[in-house]
Structure formats: C-alpha cells, structure tokens
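One structure is given below, encoded as structure tokens.
The values are calculated or read from the model by the stated rules, or taken from the named source; none is laboratory data. The structure displayed is predicted, hence computed values, not measured ones. Glycine also receives a Cβ, built like all others from the backbone with ideal geometry; neighbour counts cover every protein chain displayed. Surface accessibility is based on the protein's heavy atoms, side chains included, excluding ligands, DNA and RNA. Shrake-Rupley method; radii C 1.70, N 1.55, O 1.52, S 1.80 Å.
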Amino acid sequence: MSAEIFPNSNLYETGYCAILVRDISPEEALSRIPHSKSGPIGLDRSDFDAIKALGSDVDQDDVPQVNINDLESSGILDSNGPLLRAGSYASWAFIIEPEGPFLAKEEVLKAVSRETTALSVQLSETAAAWISYAEDGEILSSFDPLFPDSDYGTRPTALENLTGYRAAIDAGERADAYENVLRQIQESLQCALPATVDAGRLPSVRVDDEY
C-alpha cells in the first residue's frame, strides 16, 4: 500500500514533508506560503532532483526540458532555502518538499489552510514522523503517531473523530504506526493520491528561508 500512495518513503528515501490542501489550486497553495518566493517554474521530478543536487552548478544538459536562463532569472537556482513543487489530484492540492523540514512549520500549515482544510505530514531520514491537521488557519491536531496521546492541537479529538486513525495504530505493529495512521487518514479524508502524482511538470518555487 505504501508504495502506491503519495507521499511515501520509496519516492523520497531521505524523508519528506508534504501538505495536502482541499479545494484550492496548486498555484494558490504555493502563493499562501508566508515567505518570499521565487517566480514559479514548471519542473518535473528529474529536473527537481538535478537542481536540488547541483544548485547553481546545474547546466542545460542537466535540465534539457527547462530554459536555464528562466531558472536563473526566477531565483530557483538560489540554494539558501527549500525548493517546493505543487500539484493536484481530484479535489486536493499538494505541496512536496523532499527532506524538509520547512513545510512542517506551524505558520505554513496555518497559512495554507485558510478557509479550507489541510493535512501536514513529515517523515525524516531517521524515520521520525509527525502529522498535523488544520482547518481555517487553526491546527486542531498535531502529534507523533508513536505517541498519539500527546496531541498538541487545539482540538485533539477532531482528526480522530473524522478518520478513526486510532484503530490503525491498535491493529498494527508499533514500527508501522506512521504508515498505518497516514493511510487511514488519507483514505478517510479522500486524499489518498497515487504515487505518480508528482512525476510530471509542476509549478515549483524556491522559498527565501534558511533551514
């Protein structure tokens, strides 16, 4: 199951942060990020990987489908902040940040969830995980799946009432808690996106924010 649904650790072996947002466009989702950003440029996953690895040293041969001058003028090649891509599937937009942890900031989730709902998920390279759920700028639930009783949201029972994710914890192994909880939540909220959802060319920005 984990290999079939976005996001998953098979796609992002060194971890990831992702935010899923209901009923807004990818461009709107990116525009709500509360920091200055580069102009959006369409990048597919291979372009993204090349730029993330090489930064300003990338050349036209590394990104043959993208104009290198557009990348330079947009600010995408600046390496001081996170590089984000956004897309959509059905009624949900997503923003993905391999490795992270910029998207896991509370201020980002609050801003992106204005007048809608949003789910934030983070998995580090060391398998540390965190899940947060927000409605209209308020983080209702925020917890480590290994310790679900320690929820730092303003209404900790809200996400459980919507998704019944505790059953997924109780039914599985402790080591699988994050994957089991995330899939239960995604299925219940109808934001179980296919793993291929970020493979194509998607609007991408560089955020002016130090890690």
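Can you find a residue that is outside any loop (DSSP other than H, G, I, E, B), in contact (Cβ under 8 Å) with a residue 60 or more places away in the chain and either of a type outside the set (A, V, I, L, M) or touching a strand residue (DSSP E or B) at 6+ places or on another chain (Cβ under 7 Å) (or both) anywhere in region 166-181? Yes, there is a match, as at least one residue in region 166-181 is outside any loop (DSSP other than H, G, I, E, B), in contact (Cβ under 8 Å) with a residue 60 or more places away in the chain and either of a type outside the set (A, V, I, L, M) or touching a strand residue (DSSP E or B) at 6+ places or on another chain (Cβ under 7 Å) (or both).
Please specify each residue of region 83-127 satisfying the condition of being among the acidic types (Asp, Glu) and either farther than 20 Å from ASP144 by Cα or open to solvent by less than 10 Å² (accessible area, probe 1.4 Å) (or both). Once the filter is applied, which keeps residues that are among the acidic types (Asp, Glu) and either farther than 20 Å from ASP144 by Cα or open to solvent by less than 10 Å² (accessible area, probe 1.4 Å) (or both), region 83-127 yields GLU97, GLU115. Listed here are the strands (runs of 3 or more DSSP E) enclosed by region 110-149 that have at least 3 residues being more than 14 Å from ILE19 (Cβ to Cβ) and free of Cβ contacts under 8 Å to residues at least 60 places away in the same chain: 138-143.
Would you confirm whether or not region 94-106 contains a residue that is at pLDDT 90 or above, within 17 Å of PRO203 (Cβ to Cβ), of a type in the set (Val, Ile, Thr) and over 12 Å from the mean Cα position of the chain (by Cα)? Checked against the condition, which is being at pLDDT 90 or above, within 17 Å of PRO203 (Cβ to Cβ), of a type in the set (Val, Ile, Thr) and over 12 Å from the mean Cα position of the chain (by Cα), region 94-106 yields no hits at all.
Against the numbered list (1) part of a loop (DSSP other than H, G, I, E, B); (2) crowded, with 19+ Cβ neighbours inside 10 Å; (3) of a type outside the set (Gly, Ala, Ser), ASP78 comes up short only at (2).
Residues of region 51-64 include at least one that is outside any loop (DSSP other than H, G, I, E, B), acidic (Asp, Glu) and open to solvent by 70 Å² or more (accessible area, probe 1.4 Å). The combined condition, being more than 16 Å from the chain's Cα centre (by Cα), within 16 Å of SER79 (Cβ to Cβ), of a type in the set (Gly, Ala, Ser) and open to solvent by 20 Å² or more (accessible area, probe 1.4 Å), is fulfilled by SER36.
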